[in-house]
Structures are given as C-alpha cells and as structure tokens.
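The values are calculated or read from the model by the stated rules, or taken from the named source; none is laboratory data. Everything numeric in this text was worked out from a predicted model, so none of it was measured. Every residue, glycine as well, gets a Cβ built from its backbone with ideal geometry; the counts of neighbours run over all protein chains shown.
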Amino acid sequence: MLFNTTEWSSKNGSRSVAGKAGYTAEEIDALVVHIQPCDVWYVIPVEAFAGCKNLRFYPDVECKFARWESYREAWHLLRG
C-alpha cells in the first residue's frame, strides 16, 4: 500500500495520511508513504500502525511527537 502526500499543514508543520479503511496483516505487509515535497519515504510495518485511524508525519521539523521517524527510509523492512 502506497500513500503519496503533497499537502502541508501550516498549523504545526506536519503532514498527515488518513484513510477510510483500516488494513490488517492479512491484507498488507507494510505501508509505504512518500512525502513528495521533502522527497522522504517511510516504510511502516502493518503491526506498527494497527489501530491507527490516521498517521501524522514531521519530515522537516523537529518534533517530540515524531512517532514514525524510526521508519524513515526503512527499506530493509521489505526484504524479510
């Protein structure tokens, strides 16, 4: 599953991805998110975001809520 975002929230410098449907480990292995203006990729295993209704990314600002930063450019997770 790939999400590509070009929208920017000027309120807090974040980008978000929201979906209408949840995904399970039976349906997908990982979520790959490309934040185009920053040319940043995140590879997030389905277990890491299970139960989340939306994901918020902070690719170019320092933020204590940057939950997904450990998955930035984590391509090795797809080679399992």
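On inspection, residue 67 qualifies as surrounded by 15 or more Cβ atoms within 10 Å (Cβ to Cβ) and part of a loop (DSSP other than H, G, I, E, B). Go through segment 1-52 residue by residue and tally those that are at pLDDT 80 or above and among the polar types (S, T, N, Q). Count: 1. Filtered by the rule that a residue be farther than 24 Å from residue 27 by Cα and assigned to a loop (DSSP other than H, G, I, E, B), segment 37-64 gives 39, 58, 59, 60, 61, 62, 63, 64.
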